[in-house]
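Notes follow the structure.
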Amino acid sequence: MIRPMNSFKAATTVLLALAAGLCAIAPARAEPDAAALYREHCAECHAESRLGGIGPALIPETLTRIRGPVMEEVITHGRPATQMEGFGDVLKKDEIAALAAYLQTPLAEIPAWGPDEIAASREMAGDYTPAPAPVFSADPMNVTLVVETGDHHVSVLDGDSFDVLDRFATPFAVHGGPKFSPDGHFVFIMSRDGWVQKYDVWSLKEVGRVRAGLNSRNIAMSHDGRWLAVANYLPRTLTILSTADLSVVKVVDVVARNGEKSRVSAVYQAPQRKSFILALKDAPEIWEIATDPAAGPFHDGFVHSYEAGMTEALAAEKGLFARRRIAIEEPLDDFFFTPDYRNLIGTNRAGDRGVVVNLDVGREIATLPLPGMPHLGSGIVWTSKGRRVMATPHLREGVISVIDIDDWTVVATIKTGGPGFFLRSHENTPYVWADVFFGPNRDVMHVIDKETLKIVKTLKPVPGATVAHTEFTRDGRYALVSVWEDDGALLVYDARTLEEVRRLPMKKPSGKYNVWNKITFSDGTSH
Ligand code: DHE
């Protein structure tokens, strides 16, 4: 709408100039209307408010590392490893420059998003009554959730018959793994714009939802299932919710030692440590937050202010949510743990180096040669020839690095058809399934032998269609793979013969999560 109008104005100016015999003076083109360009090209993913939707919030507070020419570069060429495409073919240079400047303009007002606003956003489903037992005859431990990003739904699958038990609407743009309660009864799902939805897997009903942040990264469930931590980019907080009723228990301001506020790269549960572990994205710090008052060496500046929703009984539990800081050399963008949760393996956004931080002693103990932006959040661990190894795909290179987690040597670098996003395996399968998410081979899935570390088969189920992300049934007998397209499908493979046995149409299915594999921290599953 805007550009034709501007061209029309420009053309009129030229004609008038010609008529007046003034054509020697070039007419000035009207200044691009950045706000209108934003509405036309960016708002669909980043929201009219610029506070984020499927894409991140586009405000100076969240763009500290992307300034000036870098911003224009991103708008022109897109961002590797994300769904941000380039607009170099659609927008003119001065339009891109105007948009970049616009995104660096602070919002007139950033809404406050503290305990009161979070509490006010909470919506509990009026028609929800918990069923005393599963309302279906399928094995509740073998239920698998399929996130369908095409129309923002989740399908609840019986992992034996592959019947769809329920299909429910989620908040817009779900990202990251949903988190199950330790008994698999409830699941919590997060969207990029900070909504957390609670769903009762046994009753097949939504329990409620709450907006825990304005732009959020991921969620983690405490070891005892009582608390849910929500890592936020905006505001720079970690929200802790009660899993019982989604009430806000505490909002921790994420302020680094130097006094600067920071985004949270991600938060995870460390079950053996009875804590949450998070990394700060804008400061070289890892935080450990106690979810058991008696656990962990929490010696540094205990955060202990009880806030909205805290009960007397809770206040009495001294030590709950105590925080420990671990200083590291560079901020971490993406990280992963050894299965004993003693070591954290992380990488920065430059993605050229991995670092191992021992969480017991609280310092870096090794560095790893991991160029090509390893995607450690998708790392998995298994046993290969008697050694415990971890593997990570890389977002910029078509390789998978396999590392011995006892001596931190690189055991193998497996060449793939292109950069991949997700790896999955299971105790009962001899294979690791690895997708190729980017490039001309994004329609293939590699199957890698866990012992020889060689690709044994490359599947290409739908030529030209992206296939990605694998999950196994509880027993590891079947592998479920997404055809990641609007009119996509869930493919069910026999994990032994590697033959496709079922195909269920789905709307851009992305991640899949089996209750049993997730609550038992099955070998071969991400966090
Ligand atoms: Fe993800 C998990 C970060 C882009 C789909 N992604 C995660 C996790 C993190 C992360 C930290 C682990 C959270 C958890 O499960 O608790 N993702 C990032 C990024 O930094 C990145 C590269 C850029 C961004 O946009 O934030 C990114 N991710 C994407 C996508 O573009 C994907 C393919 C599509 C989408 O939905 O946005 C995508 N990410 C996923 C999925 C998982 C995930 C399906 C859960 C995998 C699992 O098996 O647990």
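Dipole magnitude for the stretch 382-437: computed about the Cα centre from +1 point charges on Lys and Arg Cβ and -1 point charges on Asp and Glu Cβ, it is near 100 debye.
Close amide H contacts of residue 87 (hydrogens built in the peptide plane, cut-off under 5 Å, sequence separation of 5 or more or a different chain): 76, 77, 78.
Of the heavy-atom accessible surface of the chain (probe 1.4 angstrom), what whole percent is carbon and sulfur? Mind showing how you got there, number by number?
Details: 11800 of 21560 Å².
Carbon plus sulfur share of accessible area: 55 percent.
Can you give the Kirkwood hydrodynamic radius for the stretch 414-483, in Å, rounded to one decimal and based on Cα pairs?
Values: mean 1/r = 0.0833 Å⁻¹.
About 12.0 Å for the stretch 414-483.
Using only side-chain charges placed at the Cβ, +1 for Lys and Arg and -1 for Asp and Glu, the dipole size of the chain relative to its Cα centre rounds to 700 debye. In order along the stretch 397-403, phi translates into HN-Hα couplings of 9, x, 9, 10, 8, 10, 10 Hz, rounded to whole numbers, per the Karplus curve 6.51 cos²θ - 1.76 cosθ + 1.60 with θ = phi - 60° and x for Gly and Pro. Taking Cβ atoms as reference points and 12 Å as the exclusive limit, the residues near residue 216 contribute a net charge of +4, counting Lys and Arg as +1 and Asp and Glu as -1. Phi angles of the stretch 332-349 translate, via the Karplus equation with coefficients 6.51, -1.76, 1.60 and θ = phi - 60°, into HN-Hα couplings of 9, 9, 8, 7, 7, 10, 6, x, 7, 6, 8, 10, 10, 10, x, 9, 8, 5 Hz per residue; Gly and Pro are given as x.
Among the listed pairs 261/512; 93/512; 454/512; 179/415, a Cα-Cα separation exceeding 30 Å is found for 261/512; 93/512; 179/415.
Charge dipole of the stretch 334-526 (Cα centre as origin; +1 on each Lys and Arg Cβ, -1 on each Asp and Glu Cβ, all else neutral): 200 debye, rounded to the nearest 20. Separation of the stretch 457-503 and the stretch 507-524, taken as the distance between their Cα centroids, equals 14 angstrom. Across the options 479, 328, 239, the greatest Cα extent toward the positive end of the charge dipole of the chain (unit charges at beta carbon of Lys, Arg, Asp, Glu) belongs to 328.
Can you give the net charge of the other residues whose Cβ lies under 13 Å from the Cβ of residue 203, counting K and R as +1 and D and E as -1? Walk me through the numbers on the way to the answer.
Details: positive: 198, 205; negative: 127, 166, 200, 206.
With Lys, Arg at +1 and Asp, Glu at -1, the neighbours total -2.
For the stretch 34-103, report the % of Cα-Cα distances exceeding 18 Å. I get 28 percent for the Cα pairs in the stretch 34-103 exceeding 18 Å. Couplings 3J(HN,Hα) for the stretch 273-281, derived from phi with the Karplus relation 6.51 cos²θ - 1.76 cosθ + 1.60 (θ = phi - 60°), are 8, 6, 8, 9, 10, 9, 10, 8, 7 Hz, where x marks Gly and Pro. Using the Cβ of residue 492 as centre and a radius below 15 Å, the other residues enclosed give a net charge of -1, where K and R count +1 and D and E count -1. Projecting the Cα atoms of 96, 47, 58 onto the charge dipole of the stretch 34-103, computed from C-beta unit charges around the Cα centre, puts 58 farthest toward the positive end. Taking amide hydrogens as placed 1.01 Å from N in the peptide plane, the amide H of residue 227 sits under 5 Å from those of 222, 243, each at least 5 positions away in sequence or on another chain. Spatially, the stretch 119-163 and the stretch 245-298 are offset by 29 Å when compared through their Cα centroids. Positive end of the dipole of the chain (Cβ unit charges, origin at the Cα centre): among 113, 429, 390, the Cα lying farthest that way belongs to 390.
Checked against a 26 Å cut-off, the cross-linked pairs 250/507; 281/507; 198/508; 281/450; 198/518 give Cα-Cα distances beyond that limit for 250/507; 281/507; 281/450. Residues in the chain average 41 Å² of solvent-accessible surface per residue, probe 1.4 Å, ligands and nucleic acids excluded. Measuring gaps between exposed loop sites in the chain (GluC sites (Glu not before Pro); DSSP loop; at most 10 other Cβ atoms within 10 Å), the longest gap, sites not included, is 110-498.
Once you keep just the Cα pairs under 8 angstrom separated by 6 or more residues, what percentage relative contact order results for the stretch 334-526? Write down the numbers at each step before the final one.
On the way: 527 pairs, mean separation 25.1, N = 193.
Relative contact order comes out at 13 percent.
Counting only heavy atoms of the protein chains and using a 1.4 Å probe, residue 127 has close to 110 Å² of accessible surface.
Could you grab the relative contact order for the chain? Cα pairs under 8 Å, six or more apart, rounded to a whole percent. Contact order relative to length: 9 percent. As an exercise, find the ratio Rg/Rh for the chain from alpha-carbon atoms, using the Kirkwood inverse-distance average for Rh. Radius of gyration over Kirkwood radius for the chain works out to 1.00. What the Cα atoms of the stretch 334-526 give is an Rg and a Dmax of 16.0, 50 Å.
The values are calculated or read from the model by the stated rules, or taken from the named source; none is laboratory data. Note that the structure is predicted; figures quoted are calculated from it, not measured. Positions of Cβ are generated from backbone atoms using ideal geometry, with glycine treated the same way; all protein chains shown enter the neighbour counts. To get the accessible areas, we keep the full protein, side chains included, count just its heavy atoms, and leave off ligands, DNA and RNA. Shrake-Rupley method; radii C 1.70, N 1.55, O 1.52, S 1.80 Å.
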